[in-house]
Amino acid sequence: MESTSTAGQGSFVPQNSAEPQSQALAASSPVAACHRVFTTVLGEMVVAVGDFDGHPALTGVWFKDQKHFPDAETLGHDDDGANSLLQQAQEQILEWLAGDRQEFDLPLALGSKPQGLRPRVWQALLQIPHGTTTTYGELAAQMGGKGMAQAVGQAVGRNPWSIVVPCHRVVSSTGALTGYAGGLERKRWLLTAEGSLPQEPELF
């Protein structure tokens, strides 16, 4: 499988600090939000980009029929096919689903500065390696204590970057598949594709 670095995730890093003034001014202008719908083996998905500190960044990746789908303002206008970041996102997601990629190299609208609980949880999700899982309790312990498991679970469920920020890698302490906005069948498919589907507990 082809593996790529996650170096670009979480912040915008200029490739050339000595860029011309005209480019610097353009970079500081607000980036208009836009989105694209495309078909995958798991159904239709929507990717959106928008402004993050004056630079284009991926604001979300959703299944079209999932819970917590974004509003029209977040999605912006329909892509006209010219947005290179949307194209990169679509290509990388399709490569991942085909088994040709294990990691993503996309700028996310997610900063590294001190933040509230949800962004910190989303940053922690990025650290879960391909082919592994963690539990809500373990994730809560990283955030400050297992007593935060419910709040952490809500943050995981509200992750706006399906697949790219791998919230599907979080399972219950028993290995049961719970709390996936895209549906448990998709979560099962994703973990199976990664070879990390846990043995779910027997009901009887």
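The values are calculated or read from the model by the stated rules, or taken from the named source; none is laboratory data. All of these numbers come straight from a predicted model, not from anything done at the bench. Cβ coordinates were reconstructed from backbone atoms using ideal geometry, including for glycine residues, and neighbour counts include every protein chain displayed. Just the protein is used for accessible areas: all its heavy atoms, side chains included, with ligands, DNA and RNA removed. Shrake-Rupley method; radii C 1.70, N 1.55, O 1.52, S 1.80 Å.
From the largest down, region 107-160 spans 30, 27, 17 angstrom on the principal axes of its Cα atoms.
For region 84-192, with all protein chains in place and a probe radius of 1.4 Å, 50% of the accessible heavy-atom surface sits on carbon or sulfur. Which part of region 35-57 falls in the paramagnetic zone of Glu73, meaning amide N under 16 Å from the point 7 Å along Cα-to-beta-carbon? In region 35-57, the label zone of Glu73 (backbone N under 16 Å from the point 7 Å along Cα→Cβ) covers 50-52.
Summary of packing: across the peptides 37-43, 117-123, the per-residue average of other C-beta atoms within 10 Å ranks them, highest first, as 117-123, 37-43. For Leu108, the amide hydrogen comes within under 5 Å of the amide hydrogens of Gly10, Ser11, Leu58, counting only partners 5 or more places away or on other chains and with H modelled in the peptide plane.
Based on every Cα atom in region 19-165, Rg and the maximum pairwise Cα distance Dmax equal 16.3, 51 Å. Phe63 sits among other residues whose Cβ lies under 12 Å from its own Cβ, and their net charge, with Lys and Arg +1 and Asp and Glu -1, is +1. Loop-located trypsin sites (Lys or Arg not before Pro) across region 145-204 with a Cβ neighbour count of 14 or fewer within 10 Å are Arg158, with loop assigned by DSSP. Per residue, the accessible area of region 56-176 comes to 46 Å², computed with a 1.4 Å probe over protein heavy atoms only. Residues in region 41-63 near a label at Asp100, defined as backbone nitrogen under 17 Å from the 7 Å Cα→Cβ point? In region 41-63, the label zone of Asp100 (backbone N under 17 Å from the point 7 Å along Cα→Cβ) covers 41-42.
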